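Below is one structure, written out as structure tokens, with a few remarks after it.
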Amino acid sequence: MNLGIDDLPVRDELRGKSPYGAPQLDVPVRLNTNENPYPLPEPLVERIAERVREAARDLNRYPDRDAVELRTRLAEYLTNTSGHEVGLANVWAANGSNEVIQQLLQTFGGPGRTAIGFEPSYSMHALIARGTGTGWISGPRNEDFTIDLAAAERWIAENEPDVVFVTTPNNPTGNAVPPETVLALYEAAQAAKPSMVVVDEAYIEFSHGDSLLPLIEGRPNLVVSRTMSKAFGAAGLRLGYLAAHPAVVDAVQLVRLPYHLSAVTQATALAALEHTDTLLKYVEQLKAERDRLVAELRAAGYEVVESDANFVQFGRFDGEGGSHAAWQKILDRGVLVRDNGIPGWLRVSAGTPEENDAFLDAVRALKKEQNT
Ligand SMILES: *Cc1c(COP(=O)(O)O)cnc(C)c1O
């Protein structure tokens, strides 16, 4: 019998939907999921093996449920890189920042409540809202993808959301949100409800500007969410974390599954944090490559959104077939970029210099083809 999802008694809001997923195609140059192109350095691989071996001896026991050592090291990393002192009590960790966001929505959203995001932005915010029964409100952005503050304040006042998402630097557009805008959104959200403001800083290490982490001081309803997936080059590890007032850290523990972070995950993340300096050197290389992509794309005649992330949104593809046809033509040249369904635009992740050269060759050729 050929049975589909919709033949099962699934929840109404899941009917007719498809799961999140960028195509995982076997292509020479993959620049579509904002991964870090550099494999972990060999000394770190060795250190991970060592720490995991130690952890394996205790796998008959449950892991440290509160991940105290890991959260302490994450707090040190945040303090050292932001100049704002945070401690164990301010930090919570989970399996990727997606799980952090899920726990936040389970705690502060849920049935009868709503969350707002300013789109286009990270599509998982809306999907996790749906998965947690939280209503989703798609807020507005300007034509140039900046947040229209006056409109955003109006939407917050009218809709009184329980959770406000601000992604900075934004994915897929790459632009950072100015701190004044985040502060104004926070004020608007407090006046309306009050509600939680979640600042998703998945790409902050790549930014020309600073983390908004210091803003958590005196603002108990502000949460900064971070990940080891991008800057640390450890997407496969699944480690995300947040920094906030200690009360927020206590609150998410009401919904987290007990022992959600495996001993192997904790050991691996701790090993990676011992090599922060080396990993952040790759970030410097990627930032330089990102700036090169912006400059070269512009030189080739493309429009580019200013980027503070490890990817660049470029266009415009308003001709026949639009961005999807352009995506296919770039793919035909062996380079996989991302079509986020934003009419006229595509997104490319910064890869190694060689990968970026291959991408730039492909888009220059595409431009020539369009001009003839
Ligand atoms: C990639 C990304 C994440 C990371 O998710 P993980 O679950 O930590 O891998 C979070 N937020 C945004 C905006 C992202 O682009």
Considering only residues of segment 83-101 that are modelled with pLDDT of 95 or more and surrounded by fewer than 19 Cβ atoms within 10 Å (Cβ to Cβ), which is farthest from the ligand (Cβ to nearest atom)?
GLU85
Test for GLY112: is it touching a residue at least 60 places away in the same chain (Cβ under 8 Å) and open to solvent by 20 Å² or more (accessible area, probe 1.4 Å):
no
Within the group ILE156, ILE147, which residue is open to solvent by less than 30 Å² (accessible area, probe 1.4 Å), of a type in the set (A, V, I, L, M), away from the ligand (no atom under 11 Å from the Cβ) and under 20 Å from ILE342 (Cα atoms)?
ILE147
Segment 181-209 residues that are farther than 21 Å from ALA235 by Cβ, paired with ones that are among the hydroxyl-bearing types (Ser, Thr, Tyr) (beta carbon under 8 Å, 6 or more apart)
VAL182/THR168; ALA189/SER195; VAL197/TYR186
Per the filter on segment 115-138, residues of a type in the set (Ser, Thr, Tyr) and open to solvent by less than 40 Å² (accessible area, probe 1.4 Å) are SER121, THR132, THR134
So which residues in segment 5-34 are surrounded by 13 or more Cβ atoms within 10 Å (Cβ to Cβ), part of a loop (DSSP other than H, G, I, E, B) and at pLDDT 90 or above?
VAL27, LEU31, ASN32, THR33, ASN34
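Does ALA176 satisfy the criteria of being out of contact with any Lys or Arg (no Cβ under 9 Å at 6 or more places or on another chain), modelled with pLDDT of 95 or more, open to solvent by 20 Å² or more (accessible area, probe 1.4 Å) and in a loop (DSSP other than H, G, I, E, B)?
Considered against the rule, which asks whether it is out of contact with any Lys or Arg (no Cβ under 9 Å at 6 or more places or on another chain), modelled with pLDDT of 95 or more, open to solvent by 20 Å² or more (accessible area, probe 1.4 Å) and in a loop (DSSP other than H, G, I, E, B), ALA176 comes out as yes.
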Does segment 238-264 hold any residues that are assigned to a loop (DSSP other than H, G, I, E, B) and either open to solvent by less than 20 Å² (accessible area, probe 1.4 Å) or near the ligand (Cβ under 9 Å from one of its atoms) (or both), and which are they?
ARG238, LEU239, ALA244, LEU261
Within segment 116-144, residues under 17 Å from the mean Cα position of the chain (by Cα) and of a type in the set (A, V, I, L, M, F, W, C) come out as ILE116, PHE118, MET124, ALA126, LEU127, ILE128, ALA129
Scan segment 188-195 and tell me whether some residue there is among the charged types (D, E, K, R) and outside any helix (DSSP H, G or I).
yes
Go through segment 324-355 and give me each residue that's open to solvent by 60 Å² or more (accessible area, probe 1.4 Å), part of a loop (DSSP other than H, G, I, E, B) and of a type in the set (D, E, K, R).
ARG333
Pick from segment 356-372, criterion part of a helix (DSSP H, G or I) and polar (S, T, N, Q), ranking: nearest to GLU296 (Cα to Cα)
ASN356
If only one of GLU99, GLU187 is within 18 Å of the chain's Cα centre (by Cα) and among the acidic types (Asp, Glu), which one is it?
GLU99
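The values are calculated or read from the model by the stated rules, or taken from the named source; none is laboratory data. Computed from a predicted model, the values in this text were never measured in an experiment. A quick note on method: Cβ atoms are made from the backbone with ideal geometry, for glycine too, and the neighbour counts reach across all protein chains shown. Calculation scope for accessible area: heavy atoms of the full protein, side chains included, ligands and nucleic acids excluded. Shrake-Rupley method; radii C 1.70, N 1.55, O 1.52, S 1.80 Å.
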